Amino acid sequence: MLDDMDSSIRLLSVGTALPGPPVGNAELARRFGMDQLWVQWVDAFVGTRTRHLAVDLDSGEVRYSLADLGTTAGRGALAEAGLTGADVDLVVLGTATPDNLMPATVNVIADRLGIDGVPTFQLQSGCAGAFQALDVARRLMAAGGYRTALVLGGDVIAKHYDLDMDLRSLPPAELVNVALFGDGAGAAVLSCAPVDDGAETTVLRTVLTRLTGKDRAPGQVLEWFGPADHEPGRTGSREDYKAIEESVPAMAEEILKELLDELGWTATDVDYLLPPQLSGRMTDRITTRLDVPGAQEISVVAETGNNANALPFQQLARVLPRLVDGDRVLGIAVESSKWIKAGFALERV
């Protein structure tokens, strides 16, 4: 049965931000002293061609913070909706890489956008964080008192790179991260304000987020070092790519079925599919397994890199302008850090 809370919550607009120019695999290889064989391995095994990095690879300078990118994305989303910060009465951010332990990055972004006197929430989460932020916002809006929410997601992962490390000494579980990830942010404006009769709108039908990691080892770990516990040669991130490769396609299929069952839709009802965006090659495999006939796939990861909580907004920014009356959209994500299933459904009415 459809959740009544979703019938009046609408997605008004989306904004995105990517730092700097795209960085290709060859440029990445040169910076880290890798050879052409590594470039060929990335092309064949990972399938990500470019990514955007907040860190300047030559100087090591962090040129963009998450707050910088989130502010740009949030400002774009508000402008697209014809709103200002003064119109927002709820802000939620999902990220795995906030700029500081304190102050919360969500509050820095809100301040820059002229948002004040409203509840703000920052969720610490990997690739499911954007979905969790949407879920928190829509539940609070449904409970009453909030008409306009700014929902943000983003990550700056490149700040965890050790630019002086010899990558040739790293095991594959750590080496793959250099090729996979990029940086970015995204934002969406949700509203439950009344609309004029006959006006087309994009309705948020449901959001799914569920932890399924009981008794399962983490598929990905992102460290947060302090000066007392940073051991030389210890990298900030690592992942069990084989476990991810085995688990994510099956979990994506389970998410698809659960969303369709909840909504009473069939696979043929779906017009656009926003699949998980781990890497170019993995996304191709997942989409093939999902087998949603007639649905147009919206994927960006081969160009943007895996920028985690920014990715769903990058996908939404591409699909929203295409929607016509009756179109249905499903978004799916899997967080491998402790195995979280996530999804959402939109409908243009």
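Return the total of residues in region 22-37 being part of a helix (DSSP H, G or I) and touching a residue at least 60 places away in the same chain (Cβ under 8 Å). Walk me through it before giving the result.
The initial filter retains those residues of region 22-37 that are part of a helix (DSSP H, G or I), namely 25-32, 36-37.
Still in the running and touching a residue at least 60 places away in the same chain (Cβ under 8 Å): 25, 28, 31-32.
Looking only at that region, the number is 4.
From the list Ala142, Ala149, the one residue that fits, being surrounded by fewer than 17 Cβ atoms within 10 Å (Cβ to Cβ) and touching a residue at least 60 places away in the same chain (Cβ under 8 Å), is Ala142.
Set side by side, the residues Gly94, Gly117 differ, and just one is among the small types (Gly, Ala, Ser) and part of a loop (DSSP other than H, G, I, E, B), which is Gly117. Scanning region 157-187 for residues that are part of a helix (DSSP H, G or I) and of a type in the set (A, V, I, L, M) returns Ala158, Leu167, Ala173, Leu175, Val176, Val178, Ala179, Leu180. Being more than 16 Å from the chain's Cα centre (by Cα) and of a type outside the set (Gly, Ala, Ser) is the requirement here; does Leu346 meet it? Taking the combined requirement at face value, the residue satisfies it. Checked against (1) in a strand (DSSP E or B); (2) over 10 Å from Ala96 (Cβ atoms), Gly154 passes all but condition (2).
Yes/no matrix, rows are residues, columns are (1) modelled with pLDDT under 90; (2) of a type in the set (Gly, Ala, Ser):
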residue	(1), (2)
Glu27	no, no
Gly33	yes, yes
His52	no, no
Ser59	yes, yes
Ala67	no, yes
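Going by what's in this entry, would Leu113 be described as without any contact (Cβ under 8 Å) to a residue 60 or more places away in the chain, in contact with a Lys or Arg (Cβ under 7 Å, 6 or more places away or on another chain) and not hydroxyl-bearing (Ser, Thr, Tyr)? Lay out the reasoning, then the answer.
Values: without any contact (Cβ under 8 Å) to a residue 60 or more places away in the chain: yes; in contact with a Lys or Arg (Cβ under 7 Å, 6 or more places away or on another chain): yes; not hydroxyl-bearing (Ser, Thr, Tyr): yes.
Here the answer is yes, as Leu113 does meet what is asked.
Might you let me know whether region 86-93 holds any residue that is at pLDDT 95 or above, in the same structural domain as Val178 (by TED's automatic domain parsing), under 19 Å from the mean Cα position of the chain (by Cα) and under 25 Å from Pro275 (Cβ atoms)?
Residues of region 86-93 that are at pLDDT 95 or above, as a first pass: 86-93.
Then keep just the ones that are in the same structural domain as Val178 (by TED's automatic domain parsing); that gives 86-93.
Within this subset, residues satisfying the condition of being under 19 Å from the mean Cα position of the chain (by Cα) are 91-93.
Within this subset, residues satisfying the condition of being under 25 Å from Pro275 (Cβ atoms) are 92-93.
Yes, region 86-93 has at least one match.
The values are calculated or read from the model by the stated rules, or taken from the named source; none is laboratory data. Keep in mind that this is a model prediction, so the values were computed, not measured. Cβ coordinates were reconstructed from backbone atoms using ideal geometry, including for glycine residues, and neighbour counts include every protein chain displayed.
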